[in-house]
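Okay, so here's the structure we're looking at.
The values are calculated or read from the model by the stated rules, or taken from the named source; none is laboratory data. Bear in mind that the values here come from a model prediction, so they are computed numbers and not experimental data. Backbone-built Cβ (ideal geometry, glycine too); neighbour counts: all protein chains shown.
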């Protein structure tokens, strides 16, 4: 059965510039690789000043530096435009190092390599990761790369000493307003499958149930719920509610990417993939009057 295409609202998503690091993690088998990739990218945290990430692509052994199966991961950090860029870079390096130490280094037989694209600088992994070897770490040339060997009880963790970083596009998003639980799940899978086919992008939240707004009554906990778009508040808010009649779920998909072109392509394919899913009523996007993002991506222009 063919369904009518869901309407795309005449609105836009805001995006902003961020720092990202693109790496390849490899492992001895798929189970270890999956744990390392998913654990290290599991918590989308930019909105509270931390680092977030996602899996861009899974690789076979022919496409990794050490000939093992691997994954391309992206890690992202915000830029504080009120301070010198060096401060944002240093914060990014510190946060990224925590992710690597706690979620990748501790997995048996893992390694991590640079996969940067048009890097504007480098992060030196010796101080905050290499020195996990407590002074017994050493450097070697392996697979044509300068790597640090960190001696561990399950020997050993290998990490390329310098990881490139660059500037990219963060915060692109779209909402799909649904009438059923089934449409939330079905459309979400279709959208993510389409987005994941675009090289250079990630969806750090997957399908997100908690769209936020810039203002909040509780600034100590960061962004809070975008209350006009909460279906359970429709009767309580009355005219303040922005939830269309019949809509009971409004999930969000957020996209970060290495370029504006890649992000726009991912948004386009993600939206097109779900417009005919039964129960998807309207496609929209989160924006904040242009106060958060420099770039506006108009949804209808994508299509």
Given the condition under 24 Å from the mean Cα position of the chain (by Cα), buried (at least 17 other Cβ atoms within 10 Å of the Cβ) and touching a residue at least 60 places away in the same chain (Cβ under 8 Å), answer yes or no: does some residue in the stretch 119-133 qualify?
yes
State whether one or more residues within the stretch 63-72 are over 15 Å from the mean Cα position of the chain (by Cα) and on the phi > 0 side of the Ramachandran plot.
yes
Across the stretch 274-303, what is the total count of residues that are farther than 18 Å from residue 255 by Cβ and modelled with pLDDT under 95?
3
May I ask you to verify whether residue 47 is surrounded by fewer than 18 Cβ atoms within 10 Å (Cβ to Cβ) and within 20 Å of the chain's Cα centre (by Cα)?
yes
Being closer than 18 Å to residue 125 by Cβ and in contact with a helix residue (DSSP H, G or I) (Cβ under 9 Å, 6 or more places away or on another chain) is true for just one of 8, 48, 25. Which residue is that?
25
Which of the residues belonging to the stretch 18-34 are surrounded by fewer than 17 Cβ atoms within 10 Å (Cβ to Cβ) and touching a residue at least 24 places away in the same chain (Cβ under 8 Å)?
28, 29, 30
Restricted to the stretch 50-66 and to residues being touching a strand residue (DSSP E or B) at 6+ places or on another chain (Cβ under 7 Å) and in a loop (DSSP other than H, G, I, E, B), the residue surrounded by the fewest Cβ atoms within 10 Å (Cβ to Cβ) is 66
Looking at 190, 239, 234, which is the one that is in contact with a helix residue (DSSP H, G or I) (Cβ under 9 Å, 6 or more places away or on another chain), at negative phi and assigned by TED's automatic domain parsing to the domain that holds residue 281?
190
Could you tell me how many of the residues in the stretch 193-202 are part of a loop (DSSP other than H, G, I, E, B) and either closer than 17 Å to residue 284 by Cβ or out of contact with any helix residue (DSSP H, G or I) (no Cβ under 6 Å at 6 or more places or on another chain) (or both)?
2
